[in-house]
1. Can you bin the range B:80-237 into rounded, prolate or oblate? Criterion: square roots of the alpha carbon gyration tensor eigenvalues sorted a ≥ b ≥ c, rounded for a/c under 1.5, prolate for a/b above b/c, oblate for the rest.
2. Shape of chain A from its Cα gyration tensor (a ≥ b ≥ c, root eigenvalues): rounded if a/c is under 1.5, otherwise prolate when a/b > b/c, or oblate?
3. Given charges of +1 on the Cβ of Lys and Arg and -1 on the Cβ of Asp and Glu, with all other atoms neutral, how large is the dipole of the range B:112-237 about its Cα centre, in debye to the nearest 20?
4. Between A:Arg184 and A:Lys72, what FRET efficiency follows from the Cβ-Cβ distance if R0 is 30 Å, with the result rounded to 0.05?
5. Nothing charged except the Cβ atoms of Lys and Arg (+1) and of Asp and Glu (-1): what's the magnitude of the dipole of the protein assembly as shown about its Cα centre? Round to the nearest 20 debye.
6. Placing +1 on the Cβ of each Lys and Arg and -1 on the Cβ of each Asp and Glu in chain B, which of B:Ala215, B:Leu97, B:Leu17 has its Cα farthest towards the positive end of the resulting dipole?
7. Pairs on different chains or at least eight residues apart, Cα atoms closer than 20 Å: how many lysine pairs in chain A fit?
8. Neighbouring Cβ atoms within 10 Å as the yardstick, rank A:Thr41, B:Thr193 fewest first.
Amino acid sequence: MTSRLALRQVEIKLGAFSLALDLELQPGCVGIFGPSGAGKTTLLELIAGLRHAHAGRVELDGDILADVENRKWIAPHQRRIGYVPQDLALFPHLDVRRNILYGSPKPEAGGDESSVESLVEVLDLTPLLARRIAGLSGGERQRVALARALAAKPRLLLLDEPLTGLDQDRKDNVLDYLRLLRRRWAVPMIYISHQADEMADLCDEIIVLRDGKLAARGRPEDIFEPAQRPAWRLRRTLCVSSEEGHVEGA
Amino acid sequence: MPARSSPNMDSSSDLQLTANDAHAIVLTLGSALLAVLVDLAPGIALAWLLARKSWPGKSLVETIVALPLVLPPVATGLLLLDLLGRNGPLGSALHALALEVVFTWKAIAVAMAVMSFPFIVRGARIAFEAAGNRPEQVASTLGASPLRVLFSVTLPIAWRGITAGAVMAYARALGEFGAVILVAGNIPGMTATISTTIYNDILTGHDQHALLLAAISIVLAFGLILGGEHLIRRALP
């Protein structure tokens, strides 16, 4: 599956902060790394169509999603870009099954029940289908959020710190599922995290943002260096703050 | 105008409900229900706009919506009387359409709707703010149109707060007195409500009968509060 994302001279201003990027992202898993306030979530919201740019153009597979100069803007519900926010935003009034099926295309619109079923199976969600969201653990919620986003058959999946708030065992567990999803469905992903380990493990390319600008990009091994194994951290040459060099699981 | 035919009525008949009392009870319950139903759609829409959007004049609208909570109800009634009276800006237009509002049951519903509107808006607004806009945003990335997002995510998630606001609004409407008596008068069998009938009874010395209606009000309030709590508990999440 190809999903080439291009951000052409995109600029967003939020008070004193501004995000300014001009880059092209290759299909696969791209990790966005950077300190808090670097603009990572703002970037995902821009791609998903939840935030308007003040300048520039966003393209996906050659389709123009937003073009400020030509006043073109495709609404989020027409983009087919999945988004799993940090707080997951599961629908508390629906059970797990109805959460997962919320965006799943109907059979007459090309939906495939068997693919949703296999997604549920792969993510071990079958026993949870009738449960309410309020009764789920953190790891279970993460898996439901992933299944809900994938069941909508997105052409690009945006994950905003999907492992935040989980203990190490649960993180490893959800990471295993993410690897499996990548292998099985090959959905292109953009993955935000503060944890170098997760990105080194999962992503093909890393983009480092700092103060709304591109600070570095490259393969994980070019961006991170091994810390105490199995953890990784940002290469010292790229660090400007201790937060960026955060080491997980050392 | 007295609600009862004679101030010298004996105390045993004071403890009996008359046809006018039954009319007042039904009129009060029905007008309050109509007022809340009329308030719901604009109240929820305004609450959503206040919770989610920034727009010029927002503070002014917030203040106007809250006015009935702060103004003496009689003052609100006076403003409504000036607005809806035959010479008023709205009343004259309605009169041209052969629609009389003042001193009819319609005026009761209008007064109750105005007085209870802030409760609907506040309840819904707090619910929308508490839910945040993330579920709506995620629903849109899942392919849901704005209308589907509204009915499948926004309203169901906020339903508990909206229900609580509606119950409070209904309770407020049931007890409304000052605004109602000014715009609708207190005509037994026509525009007298429970509150205005109690007032009349006290003025005319029928304290026992006033107490009887007060007791009925208490029973209604109990039923309303218990029923409302049940509805709110059932409304998920």
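1. Details: a/c = 3.85, a/b = 1.60, b/c = 2.41.
Judged from the Cα gyration tensor, the range B:80-237 comes out oblate (a/c at least 1.5, b/c at or above a/b).
2. Working: a/c = 1.82, a/b = 1.16, b/c = 1.56.
Verdict is oblate for chain A.
3. On the way: 8 positive and 6 negative charges, 118 e Å.
Using Cβ point charges on Lys, Arg, Asp and Glu, the range B:112-237 gives about 560 debye.
4. Numbers: r = 34 Å, r/R0 = 1.15.
Efficiency computed from Cβ-Cβ geometry: 0.30.
5. Working: 48 positive and 49 negative charges, 143 e Å.
Here the size comes out at about 680 debye.
6. Projecting each Cα onto the dipole axis, the largest value belongs to B:Leu97.
7. Details: A:Lys13/A:Lys40; A:Lys13/A:Lys72; A:Lys13/A:Lys213; A:Lys40/A:Lys213; A:Lys106/A:Lys153.
Taking the Cα cut-off of 20 Å, the pair count is 5.
8. Details: A:Thr41 19, B:Thr193 29.
With the fewest neighbours first, A:Thr41, B:Thr193 line up as A:Thr41, B:Thr193.
Read-outs: derived from the displayed coordinates by stated rules, not from any lab. Not measured: the values here are computed from a predicted model. Glycine also receives a Cβ, built like all others from the backbone with ideal geometry; neighbour counts cover every protein chain displayed.
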